[in-house]
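Data first, discussion second: the structure below is written as structure tokens.
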Amino acid sequence: MTLLQDIGALAEIYDVAIVGAGPAGMAAAVTARAQGLSVVVLDRGFAAGGQIYRGLGNSPLAGRRDLLGPDYWKGEALLDDFLGCGADALHQASVWYLDASRCLGVSQGGAARIIAPRHVILATGAMERPMPIPGWDLPGVMTAGAAQILLKTSALVASDAVLVGDGPLLWLLAAQYLAAGVPPKALITTTPRRRLAQVAGAIPGFLASPYAAKGLALLWRVRRQVRVLDGSGGVEIRQHAGRLQVRHHGGAEEIGADHVLLHQGVVPEVNLARAAGCPMVWQATSGCWAPQVDAWGNTGLTGIAVAGDGAGIRGAEAAAVAGRLAAREATRALGVITGAVRDAQSAADIRALRRLQRGRDFLDRLFAPSPSQRAGSPEAMACRCEEVTGATLRRAVAETRAAGPNQLKAYTRCGMGPCQGRLCGLTVGEVLAQHQGRSPAEVGYFRLRPPVFPLSLAEMASMPTLEEEEGRANRP
Amino acid sequence: MFRRLSDTGEAMLPFTLDGLPAEGRAGDTVAAALLALGHLACRHSAVGGVERGPYCMMGLCFDCLVEIDGQGNRQGCLTLLRPGMAIRLQPGRRALGQ
Ligand code: FES
């Protein structure tokens, strides 16, 4: 890998531009390079790894490998391959524009450029599902993923923390805090109690999956050592005397804490794919949007693929496999190998993906937030940026008969802030869907326009004109 | 409070916070360094003027905005702490782009 120092060091033309250096992006780069393609990886992080392998190359916890667990360190082999693969990499770079003709806008270090790669693989990964409960916007309330990032990169552990929500990541965080010797004060699960019985049919499939043994052991370890309060709906957080107070089970008890760490699953981070115009599909089981892709990650736009959790949540290992598949397909599309060669090279990966898919259905269904959890509480901030509450949203839906998210955005400003709807879009869709008795698929989503990340005036002004870019490209 | 697992041995990085001397560790983002010092809030929100602090730590929520070396509205979670940085919490209402 060649680390590019600034945006000016980007070459004029690449065979493949990969957005994101998590498992899917790294694996795609390694595979595309092995086929002889020129590759650039554009990544928002400080170094390769994405969020799941964040800080892997220089973790302060390298001397305490037990703490983060084996799944984290498993990423080292892939990271090593990536660092040695010969791709260009530009970190701390935001890709804020992409269109169907594969013009790609990137900014870094206060400067911006448009490049035109021959093929694009989006490996933008996942983000945590918004969890609009009252008080989720208070200082001291963060996502479980945020707490994990602090642990991986700065060896910071929140003491006096209450964990709220459900899903593998929340339990993993509890286990990591236990291993660090700083157990959480309590873990309040929010999955409805009846859920396990409802998804019982998927249990045999799960037990045969690679996740079962690991997951159950972890669950058992946490349950033995942490106070777990099961099945609470209506969790509320308020600030009192400089501390956070967590009410649960309809006010049955209030727990004081310095930190509250929230999690109700992860969803694909799809703003770039959506703004580029990739056709999207609603994934009903997991309750999220994803770009429509085929087995190779091809979207509806020629030469633009999506690999990894950004195309639907399947986890880090599956993301790496999907990255390799997308890279081989890019190689085929660019005329370097035939379809038959691509298929032959990919047979083992396709089998691996099938194995990794086993058991996911159970996890998706077990931990899926209920409709009311997805729509959020009326008392909670639905849109954190513009400070629009769930109640305001519902009033606007009822009074204005807004047909879709875009009208609602115009009426309430919900979704107009710098996060570009990432933390309210799913909530808005659910509120509308439930009011109108339709599915979120029918309601649709915000129309996103570039830039998908805010661009400063200085960055815009720094952009070379089209003539200058063409001049560069035509230079021998 | 955030507790720093003690055995990690990173270099200390001096910076100033609202003009006063402060310290973080090599590898910290600005947001992480402030959290480690106990500053859970780093700004007041633009609309309601209420306290906000880092929420996602991965560049998506924009609740970690601070002033760094005279430049406002920088995402603390996407900025690595460097020695000598002058960091200010963003008090009061401040519209984005201001
Ligand atoms: S904490 Fe969310 S953008 Fe920085």
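The values are calculated or read from the model by the stated rules, or taken from the named source; none is laboratory data. Note that the structure is predicted; figures quoted are calculated from it, not measured. Please note: Cβ atoms are built from the backbone with ideal geometry, for glycine as well, and neighbour counts cover all protein chains shown.
One table, with the values for the structure above:
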{"read-out": "Per-region count, the stretch A:365-376, residues out of contact with any strand residue (DSSP E or B) (no Cβ under 8 Å at 6 or more places or on another chain) and crowded, with 21+ Cβ neighbours inside 10 Å", "value": "3"}
{"read-out": "Options A:G205, A:G234, A:G242: the member that is under 30 Å from A:L353 (Cβ atoms) and in the same structural domain as A:A179 (by the TED database)", "value": "A:G205"}
{"read-out": "Pairs, first exposed (fewer than 15 other Cβ atoms within 10 Å of the Cβ) in the stretch A:217-230, second part of a loop (DSSP other than H, G, I, E, B), C-beta under 7 Å, six or more apart", "value": "A:Q225/A:P183; A:D230/A:R193"}
{"read-out": "Which listed residue is more than 10 Å from chain A (Cβ to nearest Cβ) and surrounded by fewer than 19 Cβ atoms within 10 Å (Cβ to Cβ), from B:G19, B:G9, B:G48", "value": "B:G19"}
{"read-out": "Strands (runs of 3 or more DSSP E) fully within the stretch A:222-275 counting 2 or more residues that are closer than 19 Å to A:P369 by Cα and in contact with a helix residue (DSSP H, G or I) (Cβ under 8 Å, 6 or more places away or on another chain)", "value": "A:259-264, A:266-268"}
{"read-out": "In the stretch A:106-149, the residues that are farther than 26 Å from A:I237 by Cα and not in a strand (DSSP E or B)", "value": "A:G109, A:G110, A:A116, A:P117, A:R118, A:A123, A:T124, A:G125"}
{"read-out": "Residues of the stretch A:334-348 classified as crowded, with 18+ Cβ neighbours inside 10 Å and more than 15 Å from A:L37 (Cβ to Cβ), total", "value": "1"}
{"read-out": "Those residues of the stretch A:319-333 which are of a type in the set (G, A, S) and either crowded, with 24+ Cβ neighbours inside 10 Å or not in a helix (DSSP H, G or I) (or both), in sequence order", "value": "A:A319, A:A320, A:A322, A:G323, A:A326, A:A327, A:A330"}
{"read-out": "Residues within the stretch A:53-75 that are within 24 Å of the chain's Cα centre (by Cα), of a type in the set (G, A, S) and assigned to a loop (DSSP other than H, G, I, E, B), tallied", "value": "3"}
{"read-out": "Considering residues of the stretch B:25-40 that are of a type in the set (G, A, S) and away from the ligand (no atom under 16 Å from the Cβ) only, the residue surrounded by the fewest Cβ atoms within 10 Å (Cβ to Cβ)", "value": "B:G38"}
{"read-out": "Qualifying positions in the stretch B:46-60 - of a type in the set (A, V, I, L, M) and near the ligand (Cβ under 6 Å from one of its atoms)", "value": "B:M57, B:L60"}
{"read-out": "Test: residue in the stretch B:60-69 that is touching a Ser or Thr at 6+ places or on another chain (Cβ under 8 Å) and surrounded by fewer than 16 Cβ atoms within 10 Å (Cβ to Cβ)", "value": "no"}
{"read-out": "So B:R43, is it within 13 Å of the ligand (Cβ to nearest atom) and either charged (D, E, K, R) or surrounded by fewer than 17 Cβ atoms within 10 Å (Cβ to Cβ) (or both)", "value": "yes"}
{"read-out": "Matching helices (runs of 4 or more DSSP H) fully within the stretch A:344-442 where at least 2 residues are within 14 Å of chain B (Cβ to nearest Cβ)", "value": "A:425-436"}
{"read-out": "B:T29 being at the interface with chain A (Cβ under 9 Å from one of its Cβ atoms) and either over 23 Å from A:A180 (Cα atoms) or within 11 Å of the chain's Cα centre (by Cα) (or both)", "value": "yes"}
{"read-out": "Per-region count, the stretch A:237-271, residues under 23 Å from B:L37 (Cα atoms) and among the acidic types (D, E)", "value": "1"}
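Conditions (1) farther than 22 Å from A:Q283 by Cα; (2) modelled with pLDDT under 95; (3) in contact with a Lys or Arg (Cβ under 6 Å, 6 or more places away or on another chain); (4) not assigned by the TED database to the domain that holds A:L138, marked per residue:
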position: A:T389; (1), (2), (3), (4): yes, no, no, yes
position: A:A403; (1), (2), (3), (4): no, yes, no, yes
position: A:R422; (1), (2), (3), (4): no, no, no, yes
position: A:L432; (1), (2), (3), (4): no, no, no, yes
position: A:Q436; (1), (2), (3), (4): no, yes, no, yes
position: A:L448; (1), (2), (3), (4): no, yes, yes, yes
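Each row is one residue, and each column tells you yes or no for (1) facing chain A (nearest Cβ under 8 Å); (2) in contact (Cβ under 8 Å) with a residue 40 or more places away in the chain; (3) within 19 Å of A:C414 (Cα to Cα); (4) not charged (D, E, K, R).
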site	(1), (2), (3), (4)
B:L60	yes, no, yes, yes
B:C64	no, no, no, yes
B:D69	no, no, no, no
B:P83	no, yes, no, yes
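Yes/no matrix, rows are residues, columns are (1) more than 7 Å from every other protein chain (Cβ to nearest Cβ); (2) over 24 Å from B:G49 (Cβ atoms):
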{"position": "A:L138", "(1), (2)": "yes, no"}
{"position": "A:I149", "(1), (2)": "no, yes"}
{"position": "A:K152", "(1), (2)": "yes, yes"}
{"position": "A:V162", "(1), (2)": "yes, yes"}
{"position": "A:G165", "(1), (2)": "yes, yes"}
{"position": "A:P168", "(1), (2)": "yes, yes"}
{"position": "A:W171", "(1), (2)": "yes, yes"}
{"position": "A:A174", "(1), (2)": "yes, yes"}
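One line per residue, one yes/no per condition, for (1) more than 15 Å from A:G417 (Cα to Cα); (2) within 15 Å of the ligand (Cβ to nearest atom); (3) modelled with pLDDT under 95; (4) charged (D, E, K, R):
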position: B:F62; (1), (2), (3), (4): no, yes, no, no
position: B:E67; (1), (2), (3), (4): yes, yes, no, yes
position: B:N73; (1), (2), (3), (4): no, yes, yes, no
position: B:P83; (1), (2), (3), (4): yes, no, no, no
position: B:P91; (1), (2), (3), (4): yes, no, yes, no
position: B:Q98; (1), (2), (3), (4): no, no, yes, no
